[in-house]
Amino acid sequence: MTAPIRVALVDDQQMVRAGFRMLVDSQDDLTVVGEAGDGEEALRLLAEVEADVVLMDVRMPRLDGVEATRRLAPGDEGPRVIVLTTFDLDEYAFAALRAGASAFLLKDAAPPDLLAAIRAVHAGDAVVAPSTTRRLLDHFLAAPTAPRASGAAADRRLESVTEREREVLGLIARGLSNPEIAAELVVSEATVKTHVSRLLAKTGSRDRVHLVLLAFEAGLVD
């Protein structure tokens, strides 16, 4: 029998955490392993318990969700973080994605969407709630004041990427799914998955959301 996905809850509102706990623990394949009321408490908790996915509020006292996400183990070592925000197009949510979060959801998301997000992120698919994630990225990619990492650093990460992989990266940044990319390039979906896997490995990106951010930083997105 497969072990349940271990979920940590981080939110400064106890009633919100209680609601999430009831929802998560109602699922046979999910279990809550701990709760924290702010970022500092979350870091202490996650140093003591092993979690696969963290539901992380963004705006919290003492240490916010952005900095807490940044301080978690980078790369594939730490848990996947789903950022929770009250406001659509929240700049804090965008900053948390840049800090290493794998996805973001609105707090008023429907329960099935939240459960699907946890399972999807745990499986390595960061593009949960695609319409919402796309709106956030579109908003900040279009903003002239959007925070940008060094273009030179992004270019270095793309040095070993082939022309075809760069083309796939551009389509990912436009928000296309694997089937849509396959149709656009007239290749099989399996071929697209291979290209995506190689892009993740070559660029050191954790998931598709971070591929989108990389494409933005490298100037591949208008």
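Among the trypsin sites (Lys or Arg not before Pro) in region 13-64, which ones are in a DSSP loop with at most 12 other Cβ atoms within 10 Å of the Cβ? Mind listing them?
Numbers: sites: R17, R21, R44, R59, R62; in loops: R59, R62.
Answer in residue order: R62.
With a 1.4 Å probe and every protein chain left in place, work out the accessible area per residue of region 1-84 in Å², rounded to a whole number.
Values: 4280 Å² over 84 residues.
The answer is 51 Å² per residue.
If you filter region 35-115 for chymotrypsin sites (Phe, Trp or Tyr not before Pro), then keep DSSP loop positions with at most 13 other Cβ within 10 Å, what is left?
Details: sites: F87, Y92, F94, F104; in loops: F87.
Within region 35-115, the qualifying chymotrypsin sites (Phe, Trp or Tyr not before Pro) (loop, at most 13 other Cβ atoms within 10 Å) are F87.
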Pair Q13, T86: separation of 7 Å Cα→Cβ label points (nm) | 0.6 nm
For region 1-18 and region 172-192, write down the distance between their C-alpha centroids in whole Å.
-> 34 Å
What GluC sites (Glu not before Pro) in region 13-118 are in a loop by DSSP, with at most 14 other Cβ atoms within 10 Å of the Cβ?
-> E50, E77
Backbone N under 16 Å from the S160 label point (7 Å along Cα→Cβ), restricted to region 185-222 = 195-206
Expected field for S160, accessible surface area in Å² at 1.4 Å probe radius, rounded to 10, holds 70 Å²
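The values are calculated or read from the model by the stated rules, or taken from the named source; none is laboratory data. No experiment lies behind these values; they were computed from the predicted model shown. Every residue, glycine among them, receives a Cβ derived from its backbone with ideal geometry; neighbour counts consider all protein chains shown. Just the protein is used for accessible areas: all its heavy atoms, side chains included, with ligands, DNA and RNA removed. Shrake-Rupley method; radii C 1.70, N 1.55, O 1.52, S 1.80 Å.
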